[in-house]
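In what follows, a structure is listed as structure tokens, so that the remarks can point back to it.
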Protein chains: 2
Amino acid sequence: MTKKIDYEIFSLGKTVLQNGETLPDAKIAYKTYGKLNDEKNNVIVYPTWYSGFCSDNEWLIAEGMALDPNNYFIIIVCALGNGQSSSPSNTAEPYNQARFPSITLYDNVVLQHRLITEHFGIKKIKLVVGWSMGAQQAYQWGCLYPEMVERIAPFCGSAKTAPHNFVFLEGIKAALTADDAWNNGWYQKNPTKGLRSLARVYAGWGFSQPFYRHELWKELGFSSLEDFLVGFWEKFFLLRDANNLLAMIWTWQNADISDNPLFNGNVIKALNAIKAKVFVMPGETDLYFRVADNEWEIKHMPNAELRIIPSIWGHFAGDGLNPIDTEWIDNNLKELLAST
Amino acid sequence: MTKKIDYEIFSLGKTVLQNGETLPDAKIAYKTYGKLNDEKNNVIVYPTWYSGFCSDNEWLIAEGMALDPNNYFIIIVCALGNGQSSSPSNTAEPYNQARFPSITLYDNVVLQHRLITEHFGIKKIKLVVGWSMGAQQAYQWGCLYPEMVERIAPFCGSAKTAPHNFVFLEGIKAALTADDAWNNGWYQKNPTKGLRSLARVYAGWGFSQPFYRHELWKELGFSSLEDFLVGFWEKFFLLRDANNLLAMIWTWQNADISDNPLFNGNVIKALNAIKAKVFVMPGETDLYFRVADNEWEIKHMPNAELRIIPSIWGHFAGDGLNPIDTEWIDNNLKELLAST
């Protein structure tokens, strides 16, 4: 499929990853909004989520919102594997498809840091904000670069992927790879049956039980539950590459902000290292990034508050799909940005 | 595979089903415990759950427990599609495999009623008790035969399958049928890749988030999370026939105690018709049969109480896997049986 390129690429050259594998020419896709001021102190970094494209983050950026391009220089940075940054689908042989290396949460943030410092010359960040896997990157930014990051706002995410969350991801992985057309990653054409299968499994996890009970998919313009499963879920994942999805599942399943030489697997130490002011915003009915996990984290960060999104939209409270949750998140970001 | 037959069969002969299809010789598998007394008034009916065999219900039956064979004549009845009652796997051509007809909740209970009345000559039932889809059958018994059923104890189930529960089942169905070996039901050998895929998806749904957080699979004797996914989940579903699983998914997805000529889709009317004394026992952390759905039902049954199983074992609070939940359920059944 052809797609208008609406983002920029920062080339990192030969890049050795955390697990010892090498990407010959790693690339970070990004897009900026607003202007970097002369002091370079109006910066917001906004990493993407699982399978999200650069443009999928834009709902939270607008004049009058917290992320107002008139006030801030906002940089959306794409996680590796999203199809725009280096991914199985866009990497040259021999590192393509099933041979794409395993990318850690640490890799993502260290490479994003290179973009921010080497390319833009930025030394201070007002806020790192992100949803879901984007939230995990925000935590990682906070503990790897505590002198640089003034605030983080992870929403519907966690500092370390919880075991149940890992199991949920085993399920979507199994659903995708049950399709023979996947062929252990060496497909010529995207395995659409497996992608549709993954999508249907995901549908139960993404939104909450009361979301379905109250048929809130109607608010998204769908005519029936089946129409929602096809028109929202299958449509979304059919636009993604199977190997990309699997690469990002690996990153997500293994996400742990302490899994690096600075913290050696000590999550409490990593949380403790976050000097930033933190608003952690879980979705009240999120089925895999749970409020309980965030409650535990809060105790170990020196300057963190828990702000629970009062929503029955499940994990997708954080996807900009409904104006009430969007306003709630935006108001909290405004408060966080206004605080010192 | 060969398997010792540890149950009996009641043959119903030519049987027209609710949707107009016919089974030439429908069979209900069942097993009894204890003795039917002369008054035939010591009867407990205990239908099986999704993919459960007759023997899978036995954990709740023992001397000293509520379901004590010294006191009661307990009849485990197998739901259609479980592989022991009429199922895609055991029905002769041409009604086998993918041609096995769609079985409703109503069909199950009407045919069980024939076993209870025609074969045993029973006119009163002290209790109908069941877990999950077995609970759904208990509700159906209560509203179809209100003069006959004195008590029902549905645990971890609902009178009508909730929309989110339906979506969860779409997911496991998609995970199974993504396997080409399934071949639209016309396989020679059970599609094991699809069964393993279904099992991995199910793993996230069957137990709760805190179950995994606290690694309670250790209490079941597994050495690691992966060991649990393979040794508990994949093992369980590899012993099931794919078409049987799909037949029962259809029954479950469409389960509604009011979807029959008596109630014409009016669930409130159907709930209202249940004269039995009812203890509804949802699992506090069940992810698909939700407390909230039972709370709504309670309002519409004349003599019902909600008793929430205080457990982090999710849906599997009702599977007899841990002594605390088993004792809790058993104590409530004792109280219910002792009440008038």
Within the stretch A:190-211: backbone nitrogen closer than 17 Å to the A:ILE324 label point (7 Å, Cα to C-beta): A:207-211
If neighbour count is taken as other Cβ atoms inside 10 Å, put B:SER311, A:SER158 in order from fewest to most. B:SER311, A:SER158
For the stretch A:130-230, shape from the Cα gyration tensor axes a ≥ b ≥ c, cut at a/c of 1.5 then a/b versus b/c, turns out oblate
Could you work out the longest stretch of chain B that avoids the trypsin sites (Lys or Arg not before Pro) located in DSSP loops with at most 16 other Cβ atoms within 10 Å? B:190-298
Expected integer from the mean partner chain Cβ neighbour count at 10 Å over A:210-218 is 3
Once phi for every residue in the stretch B:112-117 is put through the Karplus expression 6.51 cos²θ - 1.76 cosθ + 1.60 (θ = phi - 60°), the whole-Hz ³J(HN,Hα) values, with Gly and Pro written as x, are 4, 4, 5, 4, 5, 8
What is the Cα centroid distance between the stretch B:194-223 and the stretch A:70-89, reported in whole angstrom? 34 Å
Counting Lys and Arg as +1 and Asp and Glu as -1, each charge on the Cβ, what is the dipole of the protein assembly as shown about the Cα centre in debye, to the nearest 20? 480 debye
Taking A:ASN303 in one copy and the same position in all the others, each labelled 7 Å out along Cα→Cβ, what are the pairwise distances from the first, in nm, shortest first? 6.4
Selection of chymotrypsin sites (Phe, Trp or Tyr not before Pro), the stretch A:174-238, meeting DSSP coil and at most 14 other Cβ within 10 Å: A:TRP186
Can you list the GluC sites (Glu not before Pro) in the stretch A:1-98 that are in a DSSP coil and have 16 or fewer other beta carbons within 10 angstrom? A:GLU21, A:GLU39, A:GLU63
Neighbouring partner chain Cβ atoms per residue of A:46-59, average, 10 Å criterion: 0
Please go through the residue pairs A:LYS173/B:LYS173; A:LYS35/A:LYS334; B:LYS31/B:LYS269; A:LYS269/B:LYS218 and name each one whose alpha carbons sit more than 24 Å apart in this structure. B:LYS31/B:LYS269; A:LYS269/B:LYS218
I need B:VAL110, A:VAL43, B:VAL16 ordered by Cβ neighbour count within 10 Å, fewest first. B:VAL16, B:VAL110, A:VAL43
Average beta carbon contacts from partner chains per residue of B:158-169, 10 Å cutoff: 5
So what are the ³J(HN,Hα) numbers for the stretch B:188-198, from phi and the Karplus equation (6.51, -1.76, 1.60; θ = phi - 60°), rounded to whole Hz, Gly and Pro as x? 8, 10, 3, x, 5, 5, x, 5, 5, 5, 3
Checked chain B with the C-alpha gyration tensor, a ≥ b ≥ c its square-rooted eigenvalues, rounded below a/c of 1.5, otherwise prolate if a/b is larger than b/c and oblate if not; verdict rounded
Under 5 Å between amide hydrogens, which residues at least 5 positions from A:VAL128 or on another chain qualify, with H placed 1.01 Å from N in the peptide plane? A:VAL45, A:ARG151, A:ILE152, A:ALA153
In whole Å, how far is the Cα centre of the stretch B:281-319 from that of the stretch A:128-148? 39 Å
Estimated [θ] at 222 nm from DSSP helical runs (n ≥ 4, -39500 (n - 2.57)) normalised by residues in chain B, nearest 500: -9000 deg cm²/dmol
State, to one decimal in nm, how far the label point of A:LYS40 lies from the label point of B:ASN183, with both points 7 Å from Cα in the Cβ direction. 6.5 nm
Whole-Hz ³J(HN,Hα) from phi, Karplus 6.51 cos²θ - 1.76 cosθ + 1.60, for the stretch B:90-103, glycine and proline x: 10, 9, 6, 3, x, 9, 8, 6, 5, 8, 4, x, 6, 9
Please compute the net charge surrounding B:THR117, taking Lys and Arg as +1 and Asp and Glu as -1 over other residues with Cβ under 15 Å from its Cβ. +2
Environment charge at B:GLY64 (Cβ cut-off 13 Å; Lys +1, Arg +1, Asp -1, Glu -1): -3
By the C-alpha gyration tensor axes a ≥ b ≥ c (rounded if a/c is under 1.5, else prolate when a/b exceeds b/c, else oblate), the shape of the stretch B:243-286 is oblate
Net charge within 14 Å of B:PRO146 by Cβ-Cβ distance, Lys/Arg positive one each and Asp/Glu negative one each, not counting B:PRO146 itself? +4
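Values in this text are rule-based calculations from the coordinates and carry no lab data. Computed from a predicted model, the values in this text were never measured in an experiment. Cβ atoms come from the backbone with ideal geometry, glycine included; neighbour counts cover every protein chain shown.
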